[in-house]
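Engineer: The structure follows.
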DNA sequence: GTTGTTGCAAAGAATTTGCAACATA
DNA sequence: TATGTTGCAAATTCTTTGCAACAAC
């Protein structure tokens, strides 16, 4: 398969490939943990890749709208993480904020059956598991 | 079964039964929709039951801590709703904010199996379905 | 009477918006 | 060059805190 080029991913999302957006998206690549706009801004600044806080907010929001990121409410903040295209669920480590994606046929079946039983038209669902990942639990 | 008296419920939660807290908890009873602190404050004020906004925030927070309320992130806000004692999931109507509780053995089993397969120590999980309830869909 | 509670005003914190300078296509 | 983007400062919005008056037990 072809390497996913950051600038192409941005253009696919209908966004111009600016230095700032490329920086943000690259910073998200290969990261297992979800991160907030504030934290990411701090990291970029520390790494000498200055991007305005406003731009970080706007970029994360655009990428999430485009379906490239999942958003996780954490305290009063939104944390973001790159995600796959298809529907999935999450295993969220509360110690390191690592997020693993999982697919779950049984959950999809459950959603369908509950909804049809109740005359509920489903627009979405979320099934996330919180806890401590094996790495953190080992400590 | 005994009627649940509001003041008793408050005392069970370790809170003094003040007029304000009784008012808030009573306003939550029999309500199918989740409501935010701001909205509830406005409603109480309109109903001539003045309770300070700060107190509404504090009361909702205490009740949620005591396990009497479920919290739902909605846009940038927290919405609350009375909930049952035992573990459950939700069917959330995005049109009227109504929340129905559902139990789901299959979800519990799924959580256990995923966690054990991955060496993940579970502290909690959440499985909510979003959509439009039968009442709203009929409109 | 003690101790927890209220509510105002002020502080805090996350996020959004206006707008002029600027970069991308 | 035309249009989208940036980033600062300022504004918004939700939520929390300090503190003196007050109410529950």
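Read-outs: derived from the displayed coordinates by stated rules, not from any lab. Keep in mind the model is a prediction, meaning the values are calculated, not measured. For neighbour counting, all protein chains shown are included, and Cβ atoms are generated from backbone atoms with ideal geometry for every residue, glycine included.
Engineer: For A:108, B:105, what ranking results if the residue with the fewest other Cβ atoms within 10 Å of its Cβ goes first?
Structural biologist: Ordered by Cβ neighbours within 10 Å, fewest first: B:105, A:108.
Engineer: Show me, bin by bin at 10 Å from 0, the whole-percent P(r) of segment B:88-138 based on Cα pairs.
Structural biologist: Binned Cα distances yield the sequence 24, 39, 24, 12, 1.
Engineer: Viscosity 1.306 mPa s, temperature 10 °C: give me the Stokes-Einstein translational D for segment B:7-81 in µm²/s, with Rh taken as the Kirkwood radius over C-alpha pairs.
Structural biologist: 129
Engineer: Quick check: the angle from helix A:53-65's long axis to the longest principal axis of chain A, C-alpha only, nearest 10 degrees?
Structural biologist: Relative to chain A, helix A:53-65 is tipped by roughly 40 degrees.
Engineer: Taking Cα atoms, how many degrees apart are the long axis of helix A:105-118 and the longest axis of chain A, rounded to 10 and kept between 0 and 90?
Structural biologist: Approximately 60 degrees, to the nearest ten.
Engineer: Here is a follow-up. What per residue convex hull volume, in Å³, comes out for segment B:31-125 when only alpha-carbon positions are used?
Structural biologist: For segment B:31-125, the hull spanned by Cα atoms encloses 125 Å³ per residue.
Engineer: Let me ask something else about it. Calculate the length of the line joining the C-alpha centroid of segment A:78-139 to that of segment B:1-76, in whole Å.
Structural biologist: After rounding, the separation between the Cα centres reads 30 Å.
Engineer: Connecting C-alpha atoms closer than 10 Å in a GNM of chain B, tell me which of B:58, B:31, B:19 has the biggest fluctuation.
Structural biologist: B:19
Engineer: Right, another one. What's log10 of I(q)/I(0) for segment A:38-82 at q = 0.22 Å⁻¹, Debye sum over Cα points only, no solvent?
Structural biologist: Relative scattering, expressed as log10 I(q)/I(0), comes to -0.77.
Engineer: Something else: How tilted is helix A:37-46 with respect to the longest principal axis of chain A? Cα atoms for both, answer in degrees (0 to 90, nearest 10).
Structural biologist: The answer is roughly 30 degrees.
Engineer: Follow-up. Which values of log₁₀ I(q)/I(0), to two decimal places, follow from the Debye formula for the protein assembly as shown at q = 0.13, 0.14 Å⁻¹ with a uniform point scatterer at every Cα?
Structural biologist: Relative scattering, expressed as log10 I(q)/I(0), comes to -1.05, -1.17.
Engineer: With a cut-off of 8 Å between alpha carbons and a minimum separation of six or more residues, what is the relative contact order of segment A:88-138 in percent?
Structural biologist: Relative contact order for segment A:88-138 comes out at 51 percent.
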